Amino acid sequence: MSTAARPEQTGGKRVGVLVQHGFTGNPASMRPWAEDLAGRGYAVEMPLLPGHGTRWQDLNTTSWADWVAAVDGAVDTLVAENDVVVAVGLSMGGALCLRLAADRGDDLAGLVLVNPAVDTLRKDVKLLPVLQHVVPAMPGIANDIKKPGADEHGYPMTPLKAAASMFTGYAELRRDLPRITIPVLYFRSAVDHVVDISSSQALNAGLSSKDFEERVLEDSFHVATLDNDAPRIFAESAEFIDRVTG
């Protein structure tokens, strides 16, 4: 999805928003949010990450560096065509937005993160460097959604080569969190079966942003962008974007 800014709706300023899905997911998990943002007059770029949206086997041929490059390219487009840019992301998409803010903070006015992943308490992750050469995939993480009938159309399996690359990327990102100084609005589900509290702890300890707020979602699981709290995320993120780009 790619839409142009409508500055007549946003105080005369062209505002661009990167909208980023997560690991083993695809833009379906973010589409309602992207459409809401576009409806408010923001330019939207919602890239499909390499290896996603096809077959899970394809994800094992890609890496963290490929996903970072895809996000960089989408932001290049937004920066070229707009006056100011914000990034929003779910899960690993949130981590990619944080990577962007650490590397290119001057190109962004702010971040909105929904259940971003930057760390884990899972012990089996330490085995991924070995496991990835033995087992191609483990059961998937898709559809951790409280709301009945919702479907993010994610992969049924978690490809391990790709997962190993992702967790290496997270380790580098945690070291670079202090480089992030831009405003951050962070939504975290009280009950999340995919991302645990270690990511919240890492963000609270690591970010240098003076303008940082963590808001807890009480009625959604991991894919909160498709869950019961989605309208709240859409409304409160729009208020935040309006403020930091004003």
*asked:* Can you tell me the orientation of helix 92-104 relative to the chain, as the angle in degrees between its alpha-carbon axis and the longest Cα principal axis, to the nearest 10?
replied: 60
*Between R104 and R232, 0.36 nm times their residue separation minus their Cα-Cα distance comes to what?*
43.2 nm
*Which ³J(HN,Hα) values in Hz, rounded to whole numbers, follow from the phi angles of the stretch 179-189 under the Karplus curve 6.51 cos²θ - 1.76 cosθ + 1.60, where θ = phi - 60° and Gly and Pro get x?*
6, 8, 10, 6, x, 9, 10, 10, 9, 10, 6
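When the solvent-accessible surface of protein heavy atoms is calculated with a 1.4 angstrom probe, in what order do H222, H153 fall, highest first?
Listed by decreasing accessible area, they come as H153, H222.
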*Roughly what % antiparallel, to the nearest 5, for the DSSP beta bridges in the stretch 2-245?*
15
_For a test of the definition: using alpha carbon positions, the gyration tensor, and the 1.5 limit on a/c, classify the stretch 77-199 as rounded, prolate or oblate._
prolate
_Label-to-label distance, nm, for residues given as K126 and M138 (7 Å Cα→Cβ offset)_ = 1.4
*How far is it, in nm, from the label point at E214 to the one at S198 when both lie 7 Å from their Cα along the line to the Cβ?*
1.6
*How high is the relative contact order of the chain, in percent, counting Cα pairs under 8 Å that sit 6 or more residues apart?*
21
*asked:* Could you work out how much longer the chain between D83 and A4 gets when fully extended? Use 0.36 nm per residue separation minus the Cα distance between them, nm to one decimal.
replied: 27.2 nm
*Hey, what angle do you get for helix 64-81 against the long axis of the chain, alpha-carbon based, 0 to 90 degrees rounded to 10?*
10
_Student exercise, the chain dipole from Lys, Arg, Asp, Glu Cβ charges, in Debye to nearest 20_ = 440
_Extended-chain gain in nm, criterion 0.36 nm per residue less alpha-carbon gap, R243 and A65_ = 60.9 nm
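For the stretch 127-227, give the magnitude of the charge dipole about the Cα centre (Cβ charges: +1 Lys/Arg, -1 Asp/Glu; no others), in debye to the nearest 20. Provide the component values of the computation, followed by the final result.
Values: 9 positive and 13 negative charges, 74 e Å.
Here the stretch 127-227 has a charge dipole of around 360 debye.
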*Using alpha-carbon positions, what is the distance between the centroids of the stretch 179-246 and the stretch 9-87, in Å?*
17
*For the stretch 2-245, with all protein chains present and a 1.4 Å probe, just round the carbon and sulfur fraction of the accessible area to a whole percent.*
52
_Just the number please: accessible area per residue for the chain, 1.4 Å probe, all protein chains included, in Å²._
41
*What's the angle, to the nearest 10 degrees (0 to 90), between helix 197-206's Cα axis and the longest principal axis of the chain?*
50
_Taking amide H atoms as placed 1.01 Å from N in the peptide plane, list the residues 5 or more away in sequence, or in a different chain, whose amide H sits under 5 Å from that of V86._
G16, V17, L18, A109
*Which one of A80, W56, A69 has its Cα pushed farthest toward the positive end of the charge dipole of the chain, where Lys and Arg give +1 and Asp and Glu give -1 at the Cβ?*
W56
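The values are calculated or read from the model by the stated rules, or taken from the named source; none is laboratory data. Small disclaimer: the values here were computed from a predicted structure and weren't measured. We place every Cβ from the backbone using ideal geometry, glycine too, and count neighbours over all the protein chains shown. Side chains are part of the model used for accessible areas, which takes the heavy atoms of the whole protein and leaves out ligands, DNA and RNA. Shrake-Rupley method; radii C 1.70, N 1.55, O 1.52, S 1.80 Å.
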